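The values are calculated or read from the model by the stated rules, or taken from the named source; none is laboratory data. Just so it is clear, the model here is predicted, and its values are computed rather than measured. Here the Cβ positions follow ideal geometry from the backbone for every residue, glycine too, while neighbour counts run over all protein chains shown. Quick note on the areas: whole protein, heavy atoms, side chains included, nothing else; ligands and nucleic acids left out. Shrake-Rupley method; radii C 1.70, N 1.55, O 1.52, S 1.80 Å.
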Amino acid sequence: MAVLIALFYFFYFALIGVHVIFIPKILSQVGYEPSAIGIILASAPLVRFAIPFLFLRGFRLSQSTFFAALALMTLGAGGFYPALEHFWPLLMVNILFGIGIALILPYIEVIALEQIGKERYGKIRLFGSFGFIAIALILVKYLSTPYVGITFLIAMAFITMLFGALIGWRERHTSDSECDATSAECRFTIRDHIPLWIGFFLMQVSFGPFYNFFTIYTTDHGVSLDTTVWLWSFGVIAEIIMFYFQGKLLHRNLNALLWITAAITSFRWLLVALFPNSLVVLFASQSLHAFSFALFHTVSISVLFSLYKARRLAQQFFFGISYGLGGFAGALGAGVVYQYAPTYLFVAGAVAALGATLAFRVNNR
C-alpha cells in the first residue's frame, strides 16, 4: 500500500503543479483578461471551502464518494480541452475539477496515516514534492502551445485516477472505520477548538503574498526569472528533506510545534520584506519552507487525526478552511496590498503568520 500511496502523491501533486504553475499562463496565452483568470482560478478554493459543510448534513466521504470524486476530477480535467476558449464552460469544468480534488486528498491522507503512521508519513508524502518539481521542469520545455499544457493536465489526472482507484479498491476489502459525523459519539464541530481553526486559516492567508506574487515581487527587485525559479525549487528541496527526516520531531508536543512553525513562518516573510534584493537572505528564507510547509502540514493533519473521530471530515475541513478559504482570502488580500502598498506585501504575510502563532498558542493552553 505504501508504494501505491507514494505513486498517487507523485501524480496528484504533478497534476496540482500543472494547474497552479501553468494554467494561469495558458489562460493568458489564450486571451483571458486578468480579472477573468482570477475568477476562474478562485472557483476551486471556494469549492474546497464549501464542500465539507455538505458532510455535516449527512453526507459521508465513503469509498463510493471517493470513486465518484476521482471520476469528477478526471472529467473536469478532460473538459478543459473543449472549454478552454469559452469562459462559462471553462468555469464550470474548473468547478468540477475543484470538487474532485477537494474530496480525493482528505480520503488518501487518512489512509496514509492509518496504514503508514505519522512517523513514516513524510517519507511517503515527499513523493508529491518530487512530482511537483518534475512536472515543472518537464512541462516548461514542452509548453509550445496552450493545448500541450492541457494535454499534460488530462494525462496527470488520468494517471492520478488510476492509482487512486487502486488504493480505493484495496480499501474496499477492509472495514470502513470512519465515524458518522451526525452521530452523537462522532459529532464534529470546529467550535470546540476555535483558536486552532483560526490558526489554520491565518497560516494560509500568510502564504497569499508568496503563492501569488513571489515571482513578481523578486523580479521587480532585480532578481532574474531564472534565479527566481531556482528559489522556488530550493524551497521544495528543503520541504523534501524535512518530509524525510521529520519523524523524530513528531514524537514531541504537536500543539507546540504548530505555534513554533507559524512563528518561523512569520520570521520568513519578514526576511523577504526586509531584504528583497539579497539572494543570500532569499535563499535562507526559502530554506524555512521546510518548517512553514512540510513540518506544519504533517503536524496539522496529525493533530486533527488524533483530535477527531470523524477523521476524513476533519481533514476536509482542514483543507477547506486553510487552503480553501485561507488561500482565497490570502490571494485577494495580497492583490490589494501589492496594488496600493507593495512595500508592505510580505509584512502583511508576516502579520498574518504572527496571528496564527498567537491563535495556536491560545489553543495550546
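Computed quantities for the displayed model
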| item | result |
| --- | --- |
| A356 vs. criteria open to solvent by less than 30 Å² (accessible area, probe 1.4 Å) and out of contact with any Ser or Thr (no Cβ under 8 Å at 6 or more places or on another chain) | no |
| Matching residues in region 51-110 - criterion: being among the basic types (K, R) and either assigned to a helix (DSSP H, G or I) or under 30 Å from T145 (Cα atoms) (or both) | R57 |
| Neighbours by Cβ (under 8 Å, 6+ apart or cross-chain): first from region 1-14, within 19 Å of A136 (Cβ to Cβ) and open to solvent by 50 Å² or more (accessible area, probe 1.4 Å); second assigned to a helix (DSSP H, G or I) and aromatic (F, W, Y) | L7/F127; L7/F163; F10/F127; F10/F130 |
| Only listed residue being surrounded by fewer than 24 Cβ atoms within 10 Å (Cβ to Cβ) and either in contact with a Lys or Arg (Cβ under 9 Å, 6 or more places away or on another chain) or more than 23 Å from Q63 (Cβ to Cβ) (or both), chosen from L313, L332 | L332 |
| Within region 129-148, considering residues that are small (G, A, S) and surrounded by fewer than 23 Cβ atoms within 10 Å (Cβ to Cβ), the one farthest from the chain's Cα centre (by Cα) | S144 |
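A quick yes/no check of all residues on (1) modelled with pLDDT under 90; (2) open to solvent by less than 20 Å² (accessible area, probe 1.4 Å); (3) touching a strand residue (DSSP E or B) at 6+ places or on another chain (Cβ under 8 Å); (4) among the aromatic types (F, W, Y):
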residue	(1), (2), (3), (4)
I154	no, no, no, no
L162	no, no, no, no
F201	no, no, no, yes
P209	yes, yes, no, no
D220	yes, no, no, no
S233	yes, no, no, no
I237	no, no, no, no
Q246	yes, yes, no, no
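Okay, residues lined up against (1) open to solvent by 30 Å² or more (accessible area, probe 1.4 Å); (2) more than 23 Å from K123 (Cβ to Cβ):
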position	(1), (2)
H289	no, no
L295	no, no
G320	no, yes
Q339	yes, yes
